Amino acid sequence: MITLAKPLPWMKKFRPRWLTQGVWTVLSLLLAVGVWEGIVRLAHLPPFILPSPGQVGRRLGLAIADGSLARHTLTTLQEVGIGLLIGVVLATFLGYLLARSPLLERLIGPYLVASQAIPTVAIAPLLVIWFGPGMLSKVLICALIVFFPVLVNTVVGVRAVPRDLRALMHTLRATRWQTLRYLEIPASLPLFLGGLRIGATLSVIGAVVGELVGSNRGLGFLINVGRGQYDTALVFVATFTLMTLALVLYGLVLLLEWRLLRWQGSPRDHH
Amino acid sequence: MSVATAPALDVVHLSVNFENGSSELQALEDVTFQVWPQEFVCLLGPSGSGKSTLLRVLAGLVPPTQGEIRFAGGQPPRIGYVFQQANLMPWRTVLENIMLPLELQGVPPEEARRQAQAWVERVGLSGFESAWPRDLSGGMAQRVAMARALIHDPDLLLLDEPFGALDALTRERMGSELLALWQAQRKTVLMVTHSISEALLLADRVLVFSPRPGRVSLDMPVPLPRPRSDELRYTLDFIHLARELRQAIG
């Protein structure tokens, strides 16, 4: 009797133990690059439509060598860093107040929801007009786009603090500050970090949108330059750098979750 | 128990109403009783007779609508509270959960840790100091809650059906352990329970509450000798008292 769920004996022979997830990732990347190279060769595409992996690699080497990649990456990184910081701090602060004050929520809650109907991407040009093509407008767009997911998760997180634990803190005569430190912050941390994870990836999008609209520095600017000069390989280099940036940020938040939320156990334990 | 001293707790004509939209719900009506220092008092009664509400009022979690609560010394006492669910902080280990009250009092962490360690041993959880609450059984979690309620040397121990969520066997064992702890610490204890035998085994005195609005319908001393053991359940005195309580509950 053959069951499809179990691997057949002959399949095991072709699956050595060292073929772990990491190896699969590398294989998958190699496959993607191979397909890419194949498309370029078979379709005889000119480099300004789709450069080959090799051409992108050479352009990357050039951009590293002349220092332009580092310079523009640093600019975007600064915008993302400052924007993320401002957005998260403001959202956390306001989120906490909203969660603890029904009056405040009724007063400004509707505006916050309505503000989400405005696509941040659409008001990016406005912000560049008002605050100039420099770093400030990018930082603001970044902060704006990060703000809402972090705010919502903070509100939900603080609301989710168990009532009995609040009662416990009360019977132990904890001060306002102690309740915040020993109960509210740790209890809402899982949801807050979930919001931060979303915010971190969005922050890169925010900075790039601002740079695309109007700037003279940053990876978004580099994409614009590449497009203008039909240097499509440069567009690819900048795009891959942005992806790496977003992935690293995402990874950092995951690391933070892993460090701070060990008490939750690995997700596997719950299934 | 000696009537010469001042009561640890004096509840005078206490009423508690809850506003529920337009209607008002009377949880407690004209409740008056006293508790003496080091006395173990059980509150017995059907669900909804306001026993838990009474504990919450005593702990300052719910304001009284009418009447008064006087504490010995005139000041609100230091309280140890045990909830029906263990109510542990899932992000803290067993040891960290137990030391929380000391931390809130500003005891240096090293000292708090040392005392918490002693309590871990006292409630039989050696080896589980750094376990997370999610890895504990119901009985173990409730032992942690008990240690947490006692570590800061409270004047008044309030137990709100602490064993209500446990299985019958664990419940009996926890009762004996609580008895041993109380024997050693001699706190003033108020404990809500649904179990007649638990009340008789533990308490110096049982207050029976009537259905809503809650009122004290019987104030019965338990003249069984101490130290008490589980064997007591099968004595004639115990059975007579149990029947009396059963009839009072109605």
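Key figures
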read-out: For the stretch B:1-85, convex hull of alpha carbons as volume per residue, Å³; value: 119 Å³
read-out: Cα shape, the stretch B:86-154, gyration tensor, a/c 1.5 rule; value: prolate
read-out: Shape call, the protein assembly as shown: gyration tensor on alpha carbons, a/c limit 1.5; value: prolate
read-out: Least to most buried among B:187, B:51 (fewest other Cβ within 10 Å first); value: B:187, B:51
read-out: Those residues of the stretch A:57-96 whose amide nitrogen sits under 14 Å from the label point placed on residue A:166, 7 Å along Cα→Cβ; value: A:96
read-out: Prolate/oblate/rounded call for chain A, Cα gyration tensor, a/c under 1.5 rounded; value: oblate
read-out: The stretch A:218-236 residues near the modelled residue A:33 label - backbone nitrogen below 13 Å, point 7 Å along Cα→Cβ; value: none
read-out: Ratio of Rg to Rh over the stretch A:163-246 (Cα coordinates, Kirkwood Rh, two decimals); value: 1.39
read-out: With Cα atoms, 0 to 90° folded angle of helix A:120-131 axis to chain A main axis; value: 90 degrees
read-out: Rounded to the nearest 20 debye, dipole of chain A from Cβ charges on Lys, Arg, Asp, Glu; value: 920 debye
read-out: Under the span-like rule (Cα at least 15 Å along the axis, Kyte-Doolittle mean at least 1.0), DSSP H helices of chain B; value: B:94-104
read-out: For the stretch A:53-260, with +1 on Lys and Arg beta carbons and -1 on Asp and Glu, the positive-most of A:102, A:76, A:115 along the dipole; value: A:102
read-out: Rounded to 10°, Cα long-axis angle of helix A:21-43 versus longest principal axis of chain A; value: 50 degrees
read-out: Rel. contact order, % - alpha carbon contacts under 8 angstrom, at least six apart, chain A; value: 24 percent
read-out: 222 nm mean residue ellipticity, helices alone, for the protein assembly as shown (DSSP H n ≥ 4; -39,500 (n - 2.57); rounded to 500); value: -18500 deg cm²/dmol
read-out: Where only alpha carbons of chain B are counted, the Rg and the Dmax (Å); value: 18.2, 53
read-out: Point-charge dipole on Cβ atoms (K/R +1, D/E -1) for the stretch B:86-154, about Cα centre, debye to 20; value: 180 debye
read-out: Dipole axis of the protein assembly as shown (+1 Lys, Arg; -1 Asp, Glu on Cβ), positive-most option in A:55, A:235, B:112; value: A:55
read-out: Dipole magnitude of the stretch B:15-120, debye to nearest 20 (Cβ charges: Lys/Arg +1, Asp/Glu -1, about Cα centre); value: 300 debye
read-out: Cβ-based exposure ranking for A:170, B:240, in which fewest neighbours within 10 Å come first; value: B:240, A:170
read-out: Chain A: angle of helix A:185-213 to the longest principal axis, Cα-based, in degrees nearest 10; value: 40 degrees
read-out: Separation in nanometres of the label points that stand 7 Å from Cα toward Cβ, at residue B:111 and residue B:169; value: 4.3 nm
read-out: Distance in nm between pseudo-label sites at residue A:45 and residue B:69 (7 Å out along the Cβ direction from Cα); value: 7.4 nm
read-out: Residue (of B:100, B:222, B:48) at the positive-pole extreme of chain B, dipole from beta-carbon charges; value: B:222
read-out: Gain on full stretching of the segment that runs from residue A:104 to residue A:156 - 0.36 nm per residue minus C-alpha separation; value: 17.2 nm
read-out: Paramagnetic reach from residue B:153 (point 7 Å along Cα→Cβ, amide N under 19 Å) across the stretch B:67-105; value: B:72-81, B:98-105
read-out: Residue-count net charge about residue A:207 - beta-carbon cut-off 9 Å; Lys, Arg +1, Asp, Glu -1; value: -1
read-out: FRET E, pair residue B:10, residue A:181, Förster distance 30 Å, beta-carbon r, rounded to 0.05; value: 0.25
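Since every read-out is calculated from the coordinates, none of them should be taken as a lab result. Bear in mind that the values here come from a model prediction, so they are computed numbers and not experimental data. Backbone-built Cβ (ideal geometry, glycine too); neighbour counts: all protein chains shown.
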